[in-house]
Every structure is written in C-alpha cells, then in structure tokens.
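**Q** Got a structure for you, questions after.
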Amino acid sequence: MDFDKMMVILRRLSLEAGDKIMEIYASPDFEVKSKSDQSPVTEADEAADALISDGLRAAFPDAAIVTEEQSDTHDLDVSTFFIVDPLDGTKEFVQRRGDFTVNIAWVEDGVPVRGVVYAPAKERLFWTQADGTTVEEAGPFDKDTPGKLTPIKVSTPDNSALLVVASKSHRDAATDAYINKYDVSDMKSAGSSLKFCLVATGEADLYPRLGRTMEWDTAAGHAVLSGAGGQVVRFDDHAPLAYGKPIFENPFFIALAPGVTLKAG
C-alpha cells in the first residue's frame, strides 16, 4: 500500500466530510433518527459516510471497507481493511457540544497503522504521516496543502499525579471505581475519539473505557495514539487491542502513555 497516496486521500476525505457535517450542524434544524440499538443517527452521519466510502472505493477499489453506517459491511471477515466512523460522537453533535469527530483508519493484519481524526467544530486535525508518526495540523485546513504540522508525542507520566480523560456521554460507576485505583492529579471529560488524541498529545496519560464500543469508534484514534508512542490494550489482560473481530465489537480497553503503571481491573 502506498502510504503517501493514502494519507493525502484520507486527510482530504476527512476535511470534505467535516465541511458537510458542519453545514448540517449550522442549520437551525436537522432530523435525528434512532437505529436498531437506539443510538442516534443524523443526516450528517449519512452524508459524511457516503462521501468517505465513495472516495475510498474510487481510490482503493480492491480494499475492503467497513463503515458504521453500512450494516452490510459488519459481516465481513477481514484483517486488513479501511474502517470508518463518519461522525463519531453523534450525541455530542445532536446536543451541539462540538466534541465529535470524523474517523478514517487503515487496519493491517489486525493493527490500525494509519488514521485521521478530525474534529471540525474544535478545529483540531490529527493524522499519521506516511512513515506512521503522528502530527497535529494547524488550520486553516486547505484540502490540497497541509498547514503547519506539529509532531505529537505521549507524555512521560508521573504515576503519583496522573492526568486522566474519560467519556463525556458514557461515564459510569465502574469507570469511576477503576480510575479511583490511581493517583489522579487532573480529570477531564471529552467526547468521541478525541480522548485518544488527548493521550497522544500528552494532554492526558490514561483513558479507560469500560463500556461497549465498536472498532470504527476506536481504530483511527488508536492509530493516531500509536503513532505518538502510545498504546491501546484490552482491559482484562492488558494484551494489545486487535481488530477484525466478529461484528467488529471491542472488549473494554485502556488507552495510555506507556509509562503508566496499569492496575488490575
């Protein structure tokens, strides 16, 4: 796979999808429907999905594509594939909180190796370069020419004063109980895959997720974090989180800067 070509295309598709999402976000009213699992879906999810999946299929006709909004892709048995969440954090979008992202990742042999996370309302853009290292790009975000790129790297954590980030919409007692096992100096909440990016930039050291997620929720953030020197491991045995699992469902997991001394669940 030509990663130089890939990252140009993934970056551009994420920006174009972000434009489409913000157009709908700015409108006075948009329709919100419920999927079979009662999670919300909007016309922004669907428009962004069509744009990204059409773009990927045109550029990479032989590659498998898994996307949240196309249920027929959820039965694929693949270990090397593109995986897309066109609008991660739909609840944040519906409540106009801004913490939503466009996520596109390339998984190779079960490992997310390249990815883009774009938070259009926050004007933050994170992506892995062709060599796998991660940068944060400063706006304005020109579709064809990247702006100023800042290499990002995870923190060197102080285990006696950890910075923890947790979900804004899915925080629960089990998560709080697990976080309480650590010496925490600062606790913040964020929506969508931005939590991975906060660990990647050193704005947080630890992000535990004790709740149901799907691989499209995590793959792009996982790639961004890995390219910054971070890790994503299973909650139960601390083994690396792998991709291409049945129905693309994740176990509980922990995203971290490697210097964190993990506690048992």
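**Q** Return the pair list, or none, for Cβ contacts closer than 6 Å from residues in segment 9-34 that are under 11 Å from Pro120 (Cβ atoms) and in the same structural domain as Arg114 (by TED's automatic domain parsing) to residues that are among the hydroxyl-bearing types (Ser, Thr, Tyr) and surrounded by 15 or more Cβ atoms within 10 Å (Cβ to Cβ), at least 6 apart or on different chains.
**A** Every condition considered, the pairs that remain are Ser14/Tyr118; Gly18/Tyr118.
**Q** Something else now. From the residues in segment 45-78 that are touching a Phe, Trp or Tyr at 6+ places or on another chain (Cβ under 7 Å) and in a helix (DSSP H, G or I), which one is surrounded by the most Cβ atoms within 10 Å (Cβ to Cβ)?
**A** So the residue we want is Leu56.
**Q** For the subset of segment 88-125 comprising residues that are among the acidic types (Asp, Glu) and under 27 Å from Gln231 (Cβ atoms), which member is modelled with the lowest pLDDT? Reasoning before the result, please.
**A** Taking segment 88-125 and keeping what is among the acidic types (Asp, Glu), we get 88, 92, 99, 108-109, 123.
Okay, now just the ones that are also under 27 Å from Gln231 (Cβ atoms), so 88, 92, 99, 108-109.
Numbers: Asp88: 94, Glu92: 87, Asp99: 91, Glu108: 98, Asp109: 98.
Top of the filtered list is Glu92.
**Q** Something else about it: Looking at segment 133-183 only, could you name the residues that are under 27 Å from Thr90 (Cβ atoms) and either assigned to a helix (DSSP H, G or I) or of a type in the set (Phe, Trp, Tyr) (or both)?
**A** Phe141, Ala173, Ala174, Thr175, Asp176, Tyr178, Ile179
**Q** Would you confirm whether any residue within segment 19-34 is under 17 Å from the mean Cα position of the chain (by Cα) and at pLDDT 95 or above? Before you say what the answer is, go through the steps one by one.
**A** As a first pass, look at segment 19-34 and keep what is under 17 Å from the mean Cα position of the chain (by Cα): 21.
Checking which are at pLDDT 95 or above leaves us with 21.
Looking through segment 19-34, at least one residue is under 17 Å from the mean Cα position of the chain (by Cα) and at pLDDT 95 or above.
**Q** If you go through segment 230-251 one residue at a time, how many are crowded, with 18+ Cβ neighbours inside 10 Å and assigned to a loop (DSSP other than H, G, I, E, B)? Spell out how you get there, then give the answer.
**A** Going through segment 230-251, the residues crowded, with 18+ Cβ neighbours inside 10 Å turn out to be 230-232, 235, 241, 243-244, 248, 250.
If we keep only those that are assigned to a loop (DSSP other than H, G, I, E, B) as well, we get 230, 235, 241, 243-244.
Counting residues in segment 230-251 that are crowded, with 18+ Cβ neighbours inside 10 Å and assigned to a loop (DSSP other than H, G, I, E, B) gives 5.
**Q** When the residues of segment 91-116 are filtered to those that are touching a helix residue (DSSP H, G or I) at 6+ places or on another chain (Cβ under 6 Å) and not in a strand (DSSP E or B), which remaining residue is farthest from Tyr243 (Cα to Cα)?
**A** Asp99
**Q** Could you check segment 218-229 and list, in sequence order, the residues that are part of a loop (DSSP other than H, G, I, E, B) and crowded, with 24+ Cβ neighbours inside 10 Å? Break it down into steps so the answer makes sense when it comes.
**A** Restricting attention to segment 218-229, the residues satisfying the condition of being part of a loop (DSSP other than H, G, I, E, B) are 228-229.
The answer is Ala228, and nothing else.
**Q** Identify the single condition in (1) more than 27 Å from Glu69 (Cα to Cα); (2) under 15 Å from the mean Cα position of the chain (by Cα); (3) in contact (Cβ under 8 Å) with a residue 24 or more places away in the chain that Val135 does not satisfy, given that it satisfies every other one.
**A** Evaluating Val135 over (1) more than 27 Å from Glu69 (Cα to Cα); (2) under 15 Å from the mean Cα position of the chain (by Cα); (3) in contact (Cβ under 8 Å) with a residue 24 or more places away in the chain leaves (3) as the failure.
**Q** Would you pick out the residues in segment 183-197 that are of a type outside the set (D, E, K, R) and buried (at least 21 other Cβ atoms within 10 Å of the Cβ)?
**A** From segment 183-197, those of a type outside the set (D, E, K, R) are 184-185, 187, 189-194, 196-197; that's our starting set.
Selection gives Ala190, Gly191, Ser192, Ser193, Leu194, Phe196, Cys197.
**Q** Within segment 123-152, track down each residue that is under 25 Å from Val260 (Cβ atoms) and crowded, with 16+ Cβ neighbours inside 10 Å.
**A** So in segment 123-152, the residues under 25 Å from Val260 (Cβ atoms) come out as 124, 126-128, 132-136, 150-152.
Once the filter is applied, which keeps residues that are under 25 Å from Val260 (Cβ atoms) and crowded, with 16+ Cβ neighbours inside 10 Å, segment 123-152 yields Arg124, Phe126, Trp127, Thr128, Thr134, Val135, Glu136, Ile152.
**Q** Looking for something surrounded by fewer than 17 Cβ atoms within 10 Å (Cβ to Cβ), assigned to a loop (DSSP other than H, G, I, E, B) and touching a residue at least 24 places away in the same chain (Cβ under 8 Å) - is there at least one such residue anywhere in segment 37-44?
**A** Of all residues in segment 37-44, those surrounded by fewer than 17 Cβ atoms within 10 Å (Cβ to Cβ) come to 37-40, 43.
From what is left, the residues that are assigned to a loop (DSSP other than H, G, I, E, B) are 37-39.
Okay, now just the ones that are also touching a residue at least 24 places away in the same chain (Cβ under 8 Å), so 39.
Checked against the condition, which is being surrounded by fewer than 17 Cβ atoms within 10 Å (Cβ to Cβ), assigned to a loop (DSSP other than H, G, I, E, B) and touching a residue at least 24 places away in the same chain (Cβ under 8 Å), segment 37-44 yields at least one hit.
The values are calculated or read from the model by the stated rules, or taken from the named source; none is laboratory data. Quick caveat: nothing in here was measured; it's all calculated off a predicted structure. Cβ coordinates were reconstructed from backbone atoms using ideal geometry, including for glycine residues, and neighbour counts include every protein chain displayed.
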